[in-house]
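Single-structure report; data block below.
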Amino acid sequence: LDGAPATPDAVDPHLVGDDPSADTRTRWFLGYVLTTMGDLSTAARHTAVALAAAAELDDRWIVAAALADRSTQALGRGRPADAAADGARAAALFAEIGDRWGQVQATFALGSLAEIAGDYRRAAEQHRAGLRTAEELGLRAEISYQLSWLGRVALLTGDLAGARRLHERARDTAVEHGFAPGRVFALIGLALGGRRAGDLDDAERQLREVLQWQRGLPDEPGNYLILVELGFIAELRGDAEGALALQRRAGAIARPLPDPRAHALTWEGLAGAESLAGRPVEAARLLGAAAAARAGVGLPLPAAERGDIERITARITAAIGPDRFAAEHARGRTSG
């Protein structure tokens, strides 16, 4: 969690202890840490073992904690219904137990789901509640995360200055307490806001720093996001060749992931690069495929997140006209 690389024997030990409860908690903790670090495949294995063992042992705390982690893992794999169910069960169990640390954990998925659905009021409520509890308990890592999530909500509601302040507080809190994932998460938020504010140089610097830190994580969903964002920066600078290279790299990372939203984002990024490179028909079809992927999981892109789509659509429409755009977009929706 302080940013040092983990060795294989550290993240997948052969547990042969004679205390099933201790082994179960060890498995849960490894799943929790690896979920935080973004190694979702390895994390999910530990979480599943811990959840099954905790149910046998009737350890409600571990059941609740593992459900909270499994909710985050489901969210990262494009299964919002599973994430919502596990998050709600975790929150209910932690409320029954009276564990406020656990209640903070459960707010993550529930707030994230509200944000993805475009319910920014509900998302802010969840993250503010998590922040209040984290501050009362002195949970510095959680304070950093909750500040970043509130920064994301501010960003999506158009408050760029507020988003920057929240992400800077999140970064500073993480740095002060040696919590590398929180610092990286805050840097991503600063870069997202910086690009939207036109600060392309700062955004690129922050994104490349994040990409360097995330190298070597085999399952890090953020890698494709970072490359898409770097591709958008290249596109905004008029660098079609650079944008194409970055968006293709993003697509290669996202392709094996089971999250349709990851596929959609990389297709949207590639559509921007293709439209800049003078291939508007291909770009229109890519936007159609992306829209279909998002609709397929019941999470169409909210209005607040359509700025890139609108820019790319305007470029395509200027090249081929609105009728041809609509026809090619429809073709992309059906062909995938």
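The table for this structure:
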item: Accessible carbon and sulfur surface of region 145-301 relative to its total accessible area, %, 1.4 Å; result: 52
item: Largest to smallest accessible area among 185, 232 [probe 1.4 Å]; result: 185, 232
item: Protection proxy ranking, peptides 147-153, 281-287, average beta carbon neighbours within 10 Å, highest first; result: 147-153, 281-287
item: Whether region 203-336 is rounded, prolate or oblate, judged on the alpha carbon gyration tensor where a/c under 1.5 counts as rounded; result: oblate
item: Neighbourhood net charge (15 Å Cβ-Cβ; Lys/Arg +1, Asp/Glu -1) for residue 21; result: -3
item: At most 16 other Cβ within 10 Å, DSSP loop - trypsin sites (Lys or Arg not before Pro), region 171-247; result: 215, 237
item: Only Lys, Arg (+1) and Asp, Glu (-1) charged, at Cβ; the chain dipole about Cα centre in debye; result: 1060
item: 1.4 Å probe accessible area per residue over the chain, in Å²; result: 44
item: Per-residue ³J(HN,Hα) for region 112-124, Karplus 6.51 cos²θ - 1.76 cosθ + 1.60, θ = phi - 60°, Hz, x for Gly and Pro; result: 5, 5, 5, 5, 4, 7, x, 8, 6, 5, 5, 4, 4
item: CD proxy at 222 nm, helix term only [per DSSP H run n ≥ 4: -39500 (n - 2.57); per residue of the chain; nearest 500]; result: -26500 deg cm²/dmol
item: Phi-based couplings in Hz for region 263-275 (Karplus 6.51, -1.76, 1.60; Gly and Pro marked x); result: 4, 4, 4, 5, 5, 5, x, 5, 4, x, 5, 5, 5
item: Positive-pole candidate from 49, 212, 283, dipole of the chain, charges at beta carbon; result: 283
item: The chain: relative contact order in percent, alpha carbon pairs under 8 Å with at least 6 residues between; result: 11
item: Anisotropy class of region 258-311 from Cα gyration tensor, a/c 1.5 cut; result: prolate
item: Accessible area in the full protein assembly, largest first, 1.4 Å probe, for 18, 58, 69; result: 18, 58, 69
item: Karplus 3J(HN,Hα) series, Hz, for region 147-153 with 6.51 cos²θ - 1.76 cosθ + 1.60 (x for Gly, Pro); result: 4, 5, 5, 5, x, 5, 5
item: Region 109-203 shape via C-alpha gyration tensor axes, a/c threshold 1.5; result: oblate
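The values are calculated or read from the model by the stated rules, or taken from the named source; none is laboratory data. Computed from a prediction, not measured in an experiment: that's the story for all the values here. As a convention, Cβ positions derive from the backbone with ideal geometry for all residues, glycine included, and neighbour counts pool all protein chains shown. Protein only, heavy atoms only, side chains kept; ligands, DNA and RNA dropped before computing areas. Shrake-Rupley method; radii C 1.70, N 1.55, O 1.52, S 1.80 Å.
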